[in-house]
Amino acid sequence: MLIGLTGTPGTGKTSVSRFLEKKRHWTAIHLNDLIKEEHLYTEIDEKRDTIIADMEIVREYIIKIIDEDKHKVEHGKKRTVMILESHLAHYIADIVIVLRAYPPELNIRLKTRCYSEKKITENIEAEALDVILIEAFEWCNKIFEVNTTGKTIEEVGQDIEKIIDNILNENGKDLLEYKPGSIDWIDMIP
(Lines give C-alpha, C1' and ligand atoms only; values in the text may rest on other atoms or scores of the structure.)
Protein backbone atom coordinates (compact mmCIF):
# COMPACT_ATOMS: atom_id res chain seq x y z
CA MET A 1 0.00 0.00 0.00
CA LEU A 2 1.38 3.39 -1.02
CA ILE A 3 0.84 6.27 1.41
CA GLY A 4 2.06 9.75 0.53
CA LEU A 5 3.69 11.77 3.29
CA THR A 6 3.67 15.32 2.05
CA GLY A 7 3.91 18.87 3.37
CA THR A 8 5.90 22.04 3.15
CA PRO A 9 9.68 21.58 3.54
CA GLY A 10 10.57 21.53 7.23
CA THR A 11 7.37 19.93 8.53
CA GLY A 12 9.14 16.66 9.43
CA LYS A 13 8.50 14.30 6.51
CA THR A 14 12.01 12.88 6.18
CA SER A 15 12.65 12.55 9.92
CA VAL A 16 9.38 10.79 10.67
CA SER A 17 9.57 8.50 7.62
CA ARG A 18 13.05 7.38 8.71
CA PHE A 19 11.72 6.81 12.23
CA LEU A 20 8.86 4.65 10.87
CA GLU A 21 11.25 2.70 8.63
CA LYS A 22 13.16 1.62 11.73
CA LYS A 23 10.21 1.16 14.08
CA ARG A 24 7.70 -0.51 11.77
CA HIS A 25 9.99 -1.73 9.01
CA TRP A 26 7.82 0.06 6.48
CA THR A 27 9.47 0.94 3.20
CA ALA A 28 10.10 4.64 2.72
CA ILE A 29 10.76 6.09 -0.69
CA HIS A 30 12.55 9.40 -0.21
CA LEU A 31 11.32 10.93 -3.43
CA ASN A 32 13.48 14.06 -3.46
CA ASP A 33 16.63 11.93 -3.13
CA LEU A 34 15.37 9.52 -5.79
CA ILE A 35 14.67 12.38 -8.21
CA LYS A 36 18.22 13.68 -7.78
CA GLU A 37 19.94 10.27 -7.84
CA GLU A 38 18.06 9.01 -10.90
CA HIS A 39 18.06 12.40 -12.69
CA LEU A 40 14.28 12.51 -12.89
CA TYR A 41 14.24 16.24 -13.42
CA THR A 42 14.19 18.58 -16.39
CA GLU A 43 16.22 21.48 -15.04
CA ILE A 44 17.88 23.12 -12.06
CA ASP A 45 16.38 26.42 -10.99
CA GLU A 46 19.43 28.10 -9.47
CA LYS A 47 17.50 31.30 -8.74
CA ARG A 48 15.08 29.41 -6.43
CA ASP A 49 17.73 26.85 -5.36
CA THR A 50 15.63 23.88 -6.47
CA ILE A 51 15.26 21.27 -9.18
CA ILE A 52 12.26 20.92 -11.49
CA ALA A 53 11.08 17.31 -11.40
CA ASP A 54 9.67 15.63 -14.49
CA MET A 55 6.57 14.34 -12.74
CA GLU A 56 5.51 12.05 -15.56
CA ILE A 57 8.84 10.21 -15.45
CA VAL A 58 8.75 10.23 -11.63
CA ARG A 59 5.24 8.73 -11.68
CA GLU A 60 6.37 5.96 -14.08
CA TYR A 61 9.38 5.20 -11.87
CA ILE A 62 7.19 4.90 -8.76
CA ILE A 63 4.74 2.66 -10.63
CA LYS A 64 7.65 0.30 -11.37
CA ILE A 65 8.53 0.18 -7.68
CA ILE A 66 4.90 -0.56 -6.76
CA ASP A 67 4.70 -3.28 -9.42
CA GLU A 68 7.82 -4.91 -7.98
CA ASP A 69 6.15 -4.88 -4.56
CA LYS A 70 3.01 -6.49 -6.02
CA HIS A 71 5.18 -9.17 -7.62
CA LYS A 72 6.72 -9.94 -4.21
CA VAL A 73 3.23 -10.26 -2.69
CA GLU A 74 2.18 -12.66 -5.44
CA HIS A 75 5.17 -14.82 -4.52
CA GLY A 76 4.23 -15.16 -0.87
CA LYS A 77 5.90 -12.18 0.73
CA LYS A 78 3.85 -9.95 3.00
CA ARG A 79 2.73 -6.67 1.48
CA THR A 80 4.51 -3.76 3.04
CA VAL A 81 3.41 -0.22 3.64
CA MET A 82 5.31 2.05 1.29
CA ILE A 83 5.63 5.65 2.42
CA LEU A 84 6.32 8.06 -0.41
CA GLU A 85 7.97 10.98 1.37
CA SER A 86 8.25 14.34 -0.38
CA HIS A 87 6.60 17.71 -0.80
CA LEU A 88 5.60 16.22 -4.19
CA ALA A 89 4.09 12.94 -2.88
CA HIS A 90 0.52 14.18 -3.27
CA TYR A 91 1.01 14.26 -7.05
CA ILE A 92 1.49 10.48 -7.06
CA ALA A 93 -0.20 8.82 -4.08
CA ASP A 94 -4.00 8.55 -3.80
CA ILE A 95 -3.86 8.51 0.01
CA VAL A 96 -1.79 11.22 1.68
CA ILE A 97 -0.92 12.51 5.10
CA VAL A 98 -0.12 16.22 5.00
CA LEU A 99 2.30 17.30 7.72
CA ARG A 100 1.84 20.87 8.94
CA ALA A 101 3.86 23.21 11.15
CA TYR A 102 3.09 26.57 12.72
CA PRO A 103 4.88 29.14 10.50
CA PRO A 104 7.08 30.70 13.24
CA GLU A 105 8.30 27.20 14.18
CA LEU A 106 8.76 26.35 10.50
CA ASN A 107 10.87 29.49 10.18
CA ILE A 108 13.22 28.22 12.92
CA ARG A 109 13.42 24.75 11.37
CA LEU A 110 14.28 26.14 7.92
CA LYS A 111 16.91 28.51 9.35
CA THR A 112 18.68 25.53 10.93
CA ARG A 113 18.86 24.08 7.41
CA CYS A 114 20.57 27.28 6.24
CA TYR A 115 17.83 28.05 3.71
CA SER A 116 18.05 31.50 2.13
CA GLU A 117 15.68 34.16 3.48
CA LYS A 118 13.84 34.11 0.14
CA LYS A 119 13.36 30.34 0.29
CA ILE A 120 12.25 30.51 3.93
CA THR A 121 9.68 33.21 3.12
CA GLU A 122 8.40 31.23 0.13
CA ASN A 123 7.90 28.11 2.25
CA ILE A 124 6.33 29.94 5.20
CA GLU A 125 3.85 31.63 2.87
CA ALA A 126 3.07 28.28 1.22
CA GLU A 127 2.40 26.76 4.65
CA ALA A 128 0.25 29.69 5.78
CA LEU A 129 -1.81 29.53 2.57
CA ASP A 130 -2.32 25.73 2.74
CA VAL A 131 -0.73 25.28 -0.69
CA ILE A 132 0.16 21.58 -0.27
CA LEU A 133 -3.22 20.78 1.31
CA ILE A 134 -5.10 22.48 -1.53
CA GLU A 135 -3.01 20.62 -4.12
CA ALA A 136 -3.69 17.36 -2.27
CA PHE A 137 -7.44 17.98 -2.59
CA GLU A 138 -6.97 18.33 -6.35
CA TRP A 139 -4.98 15.09 -6.71
CA CYS A 140 -5.85 12.65 -3.91
CA ASN A 141 -8.76 10.46 -2.82
CA LYS A 142 -8.04 10.37 0.93
CA ILE A 143 -6.32 13.13 2.86
CA PHE A 144 -5.29 13.35 6.50
CA GLU A 145 -3.59 16.26 8.23
CA VAL A 146 -1.13 16.13 11.14
CA ASN A 147 0.12 19.17 13.05
CA THR A 148 3.81 18.59 13.89
CA THR A 149 4.18 21.82 15.87
CA GLY A 150 5.86 21.21 19.21
CA LYS A 151 5.81 17.43 18.76
CA THR A 152 8.68 14.98 18.84
CA ILE A 153 9.37 12.66 15.91
CA GLU A 154 7.99 9.82 18.04
CA GLU A 155 4.72 11.67 18.65
CA VAL A 156 4.29 12.49 14.97
CA GLY A 157 5.16 8.88 14.17
CA GLN A 158 2.39 7.70 16.52
CA ASP A 159 -0.10 9.96 14.72
CA ILE A 160 0.94 8.53 11.35
CA GLU A 161 0.85 4.95 12.65
CA LYS A 162 -2.68 5.52 13.95
CA ILE A 163 -3.80 6.79 10.53
CA ILE A 164 -2.11 4.01 8.56
CA ASP A 165 -3.27 1.27 10.93
CA ASN A 166 -6.81 2.64 10.55
CA ILE A 167 -6.51 2.48 6.76
CA LEU A 168 -5.03 -1.04 6.83
CA ASN A 169 -7.71 -2.34 9.21
CA GLU A 170 -10.49 -0.58 7.32
CA ASN A 171 -12.26 -0.09 10.60
CA GLY A 172 -14.17 2.90 9.30
CA LYS A 173 -13.26 5.31 12.09
CA ASP A 174 -13.33 8.88 10.87
CA LEU A 175 -10.20 9.97 12.75
CA LEU A 176 -11.66 13.45 13.15
CA GLU A 177 -8.49 14.76 14.80
CA TYR A 178 -6.76 14.33 11.40
CA LYS A 179 -9.55 15.83 9.31
CA PRO A 180 -8.06 17.94 6.50
CA GLY A 181 -8.71 21.65 6.74
CA SER A 182 -8.74 21.77 10.53
CA ILE A 183 -5.40 23.61 10.71
CA ASP A 184 -5.48 27.30 9.81
CA TRP A 185 -2.40 29.53 9.70
CA ILE A 186 -3.88 32.26 7.45
CA ASP A 187 -3.51 34.89 10.17
CA MET A 188 0.25 34.38 9.90
CA ILE A 189 0.45 36.15 6.51
CA PRO A 190 1.92 39.65 6.95
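The values are calculated or read from the model by the stated rules, or taken from the named source; none is laboratory data. Computed from a predicted structure; not experimentally measured. Reconstructed Cβ throughout: ideal geometry from the backbone, glycine too, with neighbour counts over all protein chains shown. For accessibility, only protein heavy atoms count, side chains too; no ligands or nucleic acids. Shrake-Rupley method; radii C 1.70, N 1.55, O 1.52, S 1.80 Å.
The trypsin sites (Lys or Arg not before Pro) of the range 113-190 meeting both criteria, a DSSP state outside H, G, I, E and B (loop) and at most 12 other C-beta atoms within 10 angstrom of the site's C-beta, are ARG113, LYS173. Spin-label model, THR121 to GLU38: label points 7 Å out along the Cα-to-beta-carbon direction sit 3.6 nm apart.
Of the cross-linked pairs LYS36/LYS142; LYS72/LYS179; LYS13/LYS151; LYS13/LYS162; LYS36/LYS151; LYS70/LYS179, those separated by over 22 Å at the C-alpha level are LYS36/LYS142; LYS72/LYS179; LYS36/LYS151; LYS70/LYS179. Solvent-accessible area assigned to carbon and sulfur over the chain amounts to 51 percent, based on a 1.4 Å probe. Loop-resident GluC sites (Glu not before Pro) (DSSP state other than H, G, I, E or B) in the range 1-94 with no more than 13 further Cβ atoms inside 10 Å of their Cβ: GLU38, GLU46. Counting 0.36 nm for each residue step from TRP139 to ILE63 and taking away their Cα separation leaves a gain of 25.7 nm. 3J(HN,Hα) along the range 36-45: 5, 5, 9, 6, 8, 9, 9, 6, 10, 8 Hz, from the Karplus curve 6.51 cos²θ - 1.76 cosθ + 1.60 with θ = phi - 60°, whole Hz, x for Gly and Pro.
Here the range 48-137 is described by how far its Cα atoms reach on the three principal axes: 50, 26, 24 Å, from widest to narrowest. Proximity of backbone amide H atoms, modeled 1.01 Å from N, is registered between ILE29 and ILE83, LEU84, GLU85 at under 5 Å, excluding neighbours fewer than 5 places apart on the same chain. Among complete DSSP H helices in the chain, those whose alpha-carbon atoms stretch at least 15 Å along the helix's long axis and whose mean Kyte-Doolittle hydropathy reaches -1.0 are 55-74, 153-169. In this rough spin-label picture, where each label sits 7 Å from Cα along the Cβ direction, the LEU168-VAL131 distance is 3.4 nm. Normalised per residue, the accessible area of the range 15-65 is 66 Å², obtained with a 1.4 Å probe and no contribution from ligands, DNA or RNA.
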